[in-house]
Amino acid sequence: MPMTRTILGIESSCDDTAAAVVRQNDEGTVILSSVVFGQTTLHAAFGGVVPEIAARAHAEKVDHCIEQALLQANIRLQDCDAIAVTAGPGLIGGVLSGVMCAKGLAAATGLPLIGVNHLAGHALTPRLTDDVAFPYLMLLVSGGHCQFLIAHSDDRFERIGGTIDDAPGEAFDKTARLLGLPQPGGPAVELAAASGDEKRFKLPRPLLDRTDCDMSFSGLKTALLRARDSVMGPNQTLKAGDQADLAAGFQAAMTDVLAAKTARALDIYLALAPAEPVLAVAGGVAANMPIRNALTNLCATAGVRFVAPPLALCTDNAAMIAFAGLHRLARGDYDDLGLSARPRWPLDTKAPGMLGSGKKGAKA
Ligand code: KG4
Ligand code: ZN
């Protein structure tokens, strides 16, 4: 009898409401549908994600998003084998919207419920897109996360470093605000930097004096603020040339730090002597071309395959949650209706907590 498993995935941990249907059989895994309702316009006026607005939008949209995903996959809910939902880490109101909805659907249909760690979703994506073998090294760089993980198996991830304060995407977004560029900041800073001189402003490369894989970006932001103020005109205006040079300086510092720390992470990973060494990236910042080029060059020198999943699967989506859920479905490892939403949920519970984390603590 050929094996076929079909699973509905739901994601609502930050500012994207997403649902997807993924099917696995003896021949492989197929994404039957992946629907993402973004919230960028809702938060645009506030310069960042407003948790309360995000939670309301998720609660309003999640049913509709699931309907769309089922329709596009041409499948009925009762024909799925399980429901996987992000149960953390993330903004608690949003995570709750998804978890409550998934519980309701599981109670109504009797389908198994599987609470997935959002970070496991990102970390397993290279297996969905490129079928990479364990163990592989993963660099997660998004608006909320920044960590190096060695994926040993679908449920064992070793965190070997990460940011002790801001995530890189957060730093790009703050930089854009300081320079009067639009949100989301990453693409805007990258565009402005393209015509800038990265050497004009000497910005710091924090923590490169330490031999570990930890990073810090809040000092870089403060240095950028000072550099900006040094060239600010009388009416608090910034010339286009200064804006471009500041953006280029920031991006170069970010690229240098990520490249240097990735080189260290690769040393730790390669000591495991993996048969087919792979560095994979995920998260919105992985879209940045200078960062991507630096990592590609690093991998070429180290003889490591570089895997960057398509952007739609690098950023938040529900196909990755469905795929992570399939691993537990295969083991018959389910949650019950007592599943709770978790704002914090480290993937590697053995790794020490991040020092110097901000008042909200390390993001994950
Ligand atoms: O993974 P993502 O879509 O959402 C989460 O944070 O989970 O990442 C969004 C982040 C934003 O901070 C955005 O500014 C950043 O990724 N980003 C970029 C680029 N495109 C998006 N950062 C640098 N360069 C880019 N081209
Ligand atoms: Zn994410």
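Throughout, read-outs are computed from the coordinates displayed, never taken from laboratory work. Please read these numbers as outputs of a predicted model, since none were measured by experiment. In this analysis, Cβ positions are derived from the backbone assuming ideal geometry, glycine residues included, and neighbour counts consider all displayed protein chains.
Assorted remarks:
- Global geometry of the range 228-302, whether rounded, prolate or oblate, following the gyration tensor of its Cα atoms and the 1.5 cut on a/c: prolate
- Which of Val35, Val281 has the fewest Cβ neighbours within 10 Å, and the rest in rising order: Val35, Val281
- Taking other Cβ atoms within 10 Å as a rough exposure proxy, Ser34, Ser218, Ser97 sort from fewest to most as Ser218, Ser34, Ser97.
- Computed magnitude of the charge dipole of the range 218-364 (debye, nearest 20; Cβ of K, R +1, Cβ of D, E -1): 340 debye
- DSSP-defined beta bridges in the range 136-259 - what % are antiparallel, rounded to 5: 90 percent
- Value of Rg to Rh for the chain (Rh from inverse mean 1/r over Cα pairs, i.e. Kirkwood): 0.98
- Neighbour counts of C-beta atoms inside 10 Å place Phe306, Phe157 in the sequence Phe306, Phe157, starting with the fewest.
- Degrees, to the nearest 10: 92-109 long Cα axis against longest axis of the chain: 10 degrees
- Between Asp333 and Glu52, the FRET efficiency estimated from the beta carbon spacing at R0 = 35 angstrom works out to 0.55.
- Antiparallel bridge percentage (DSSP; both residues within the chain; nearest 5): 65 percent
- Each DSSP beta bridge with both residues in the range 1-127 is either parallel or antiparallel, and the antiparallel ones are about 65%.
- Karplus-derived 3J(HN,Hα) values for the range 313-327, using 6.51 cos²θ - 1.76 cosθ + 1.60 with θ = phi - 60°, are 9, 7, 8, 4, 7, 9, 5, 5, 6, 4, 5, 4, x, 4, 4 Hz; glycine and proline are entered as x.
- Charging the Cβ of each Asp and Glu at -1 and of each Lys and Arg at +1, and nothing else, the dipole of the chain about its Cα centre rounds to 800 debye.
- Cα gyration tensor shape of the range 1-156, rounded if a/c is under 1.5, else prolate or oblate by comparing a/b with b/c: oblate
- Compared with the alpha-carbon gap, the fully stretched path from Asn74 to Ala275 is longer by 68.4 nm at 0.36 nm per residue.
- For the chain, with +1 on Lys and Arg beta carbons and -1 on Asp and Glu, the positive-most of Ile150, Gly90, Gln183 along the dipole: Gln183
- Full extension of the chain between Asp209 and Arg305 yields a length gain of 31.8 nm, computed as 0.36 nm times the residue separation minus the alpha carbon distance.
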